[in-house]
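These notes concern the structure reproduced below.
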Amino acid sequence: MSILGVGIIGCGGIVLQNHLPGLALCGDVRVAGLCDSDERTLERARTETGCSFVTTQYAELLAREDIHAVIIATPNMLHFPIAMAAIAADKHVLCEKPIAMNAVDALVLARSADVARVRHMTAFTYLFVPAMRYLKHLVGQGDLGEPRHYRSCRLQDWGTRDLGWRMVKKFAGTGEIGDMLSHRINFAQHIVGPMTRLVANVKTLTPIRGGKPNDTDDWVAIIADFRNGATGVLESSKLASGRNESWRSLDYVEVNGSEGSFEFTTGKWNELQYGRLGGPGMTVLPVPREFWVWPGSNRNLGVGDPLVSFRYDQAVEFINAIREQRPCSVTFHEGAAAQTVMDAALESAQSGRWIDL
C-alpha cells in the first residue's frame with residue numbers, strides 16, 4: 001500500500017500528546033478515521049487532524065477498507081474487545097496498556113494476533129526513552145555482570161482529584177498497578193527477565209476523589225524473584241505529596257549486578273548513573289547520540305521537549321514494522337507478560353501470600 005490509513009479509537013489526551021505527533025513523523029500515512037463515544041472529544045480530534053470520517057461506533061471504523069491499522073486508546077475495559085474485533089477485521093493494532101482486564105484475555109489477544117499475522121504492539125512508551133534503550137544495550141553486552149537486584153520507584157502527587165473512569169474498577173480494572181506500575185513491571189522483564197514468584201500489597205487510601213467514589217488502588221508494592229536468581233522490589237504511588245506529576249516526579253530504576261550498577265531516571269533522558277564493583281560510587285554515564293532517536297525515526301531532537309518527544313518514536317516503530325512486515329519491538333506478548341504479573345500481585349494482596357508465576 002502506498003498510503004497507510006490509520007484509524008484512532010479513543011481520541012483523548014494520550015492520542016493528542018503521543019500518537020498524533022508520532023504519526024506526523026511517518027511518510028505516506030494518513031489518519032483515515034476517528035472514533036470516540038464523546039462528541040466533544042471527537043470534534044477536538046477532528047479539528048486537530050482534519051480527518052473527514054468520524055464515528056462513535058468502532059465497528060463502522062473497522063469496516064472501512066481505507067483503514068489498515070488502528071490505535072486503541074479507550075478506557076481499559078474496551079481494549080480487549082476492540083482489539084479482537086480489529087484483528088478479525090485484519091487490521092494492525094497498537095493498543096494502550098493494559099491490553100486486557102486479565103492475563104487470560106491478554107494471552108488470547110496475543111495469540112490471535114499472531115495467528116492473523118497482523119502487527120501488534122503494546123504501548124509501553126517508556127521503552128523508547130534513550131537512556132532506557134542504552135541501559136538495555138549495556139546489560140545485554142554484559143557490563144552489569146550477573147544481575148542480582150532490580151528496583152523501581154514511581155512516586156507522583158495526584159492528590160484527591162477526580163480521575164474519571166480511571167478510578168472506577170469496572171472501567172479501569174486496577175488503579176496504580178495498571179496505570180503506572182505496569183510500565184515498571186515491563187522494565188523489569190525487559191532488563192532482567194521473567195519473574196518466577198512474588199508477594200505484593202495494594203492500598204486504596206482515597207476512597208473519595210473529587211467527591212466521587214474511588215474503588216481502585218493508589219499505592220502498590222511488589223517483592224519478586226526472577227528466573228535468573230535476581231530479586232526485585234517495585235513501588236508505585238499516586239499519593240507522594242509534593243512529588244509533582246509525569247516527568248517532573250520521581251521515576252527511578254536501579255539494577256545491581258556482580259560487576260556494577262546502573263541507575264535510570266526518566267527525567268534524565270540522555271544519561272545514566274553507573275558504578276563499578278569496588279569503585280568510588282555512582283558517576284554520570286552519557287547516552288551516546290546513536291541512542292537518542294529510535295532507528296528509522298526522522299524525529300528532530302531540536303524540536304519539542306525531549307522528555308516528551310521520545311514518545312513519538314513509538315508510533316514510528318509501529319508504522320515501520322507494518323511497512324517492513326516484521327514484528328513490532330514491543331508486542332502483545334509483552335503486554336500479556338506484564339498482565340500476568342499484575343494478576344498475581346492482586347491475588348497476593350488479597351491472600352497475603354507468595355504467588356508462583
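The values are calculated or read from the model by the stated rules, or taken from the named source; none is laboratory data. A quick note: this is a predicted structure, and the numbers were derived from the prediction, not measured. Don't worry about glycine lacking a Cβ; one is built from the backbone with ideal geometry, like all the others, and counts go over all protein chains shown.
Points worth noting:
- For beta carbons closer than 6 Å, sequence separation of 6+ or different chains, a first residue in the range 157-173 that is at positive phi and a second that is buried (at least 16 other Cβ atoms within 10 Å of the Cβ) and at pLDDT 95 or above, the qualifying pairs are Gly173/Asn76; Gly173/Met101.
- Qualifying position, being without any contact (Cβ under 8 Å) to a residue 40 or more places away in the chain and not acidic (Asp, Glu), among Met121, Met84: Met84
- Filter result for Pro306 (surrounded by fewer than 19 Cβ atoms within 10 Å (Cβ to Cβ) and either within 22 Å of Val192 (Cβ to Cβ) or β-branched (Val, Ile, Thr) (or both)): no
- Considering the conditions (1) modelled with pLDDT under 95; (2) in a loop (DSSP other than H, G, I, E, B); (3) touching a helix residue (DSSP H, G or I) at 6+ places or on another chain (Cβ under 8 Å), Gly27 is excluded by exactly one of them, (3).
- Look at the range 190-201: where a residue is hydroxyl-bearing (Ser, Thr, Tyr) and a partner is part of a loop (DSSP other than H, G, I, E, B), sitting 6+ places away or on another chain with Cβ atoms under 7 Å, you get Thr196/Arg227; Thr196/Leu357.
- Checked across the range 208-216, the condition of being in contact with a Gly (Cβ under 8 Å, 6 or more places away or on another chain), assigned to a strand (DSSP E or B) and either at positive phi or touching a residue at least 12 places away in the same chain (Cβ under 8 Å) (or both) holds for no residue.
- Restricting the range 267-303 to residues that are under 30 Å from Asp28 (Cβ atoms) and of a type in the set (A, V, I, L, M), the residue that is surrounded by the fewest Cβ atoms within 10 Å (Cβ to Cβ) is Val303.
- Among residues of the range 273-298 that are more than 28 Å from Ser309 (Cα to Cα), those with a beta-carbon under 9 Å from a residue that is surrounded by fewer than 11 Cβ atoms within 10 Å (Cβ to Cβ) at least six positions away or on a different chain give the pairs Gly275/Gly281; Leu277/Ser258.
- Any hit, the range 216-238, residues being modelled with pLDDT under 95 and out of contact with any Asp or Glu (no Cβ under 7 Å at 6 or more places or on another chain): no
- Put simply, of Val284, Val293, Val316 the only residue that is in a loop (DSSP other than H, G, I, E, B), of a type in the set (A, V, I, L, M) and more than 30 Å from Ala200 (Cα to Cα) is Val293.
- Long-range neighbours under 6 Å by Cβ, at least six apart or interchain, first residue within 17 Å of Phe124 (Cα to Cα) and among the acidic types (Asp, Glu) within the range 89-105, second at pLDDT 95 or above and part of a loop (DSSP other than H, G, I, E, B): Glu96/Ala73; Glu96/Ala123
- Being under 30 Å from Lys170 (Cβ atoms) and loosely packed, with under 14 Cβ neighbours inside 10 Å holds for only one residue in Lys238, Lys212, Lys203, and it is Lys212.
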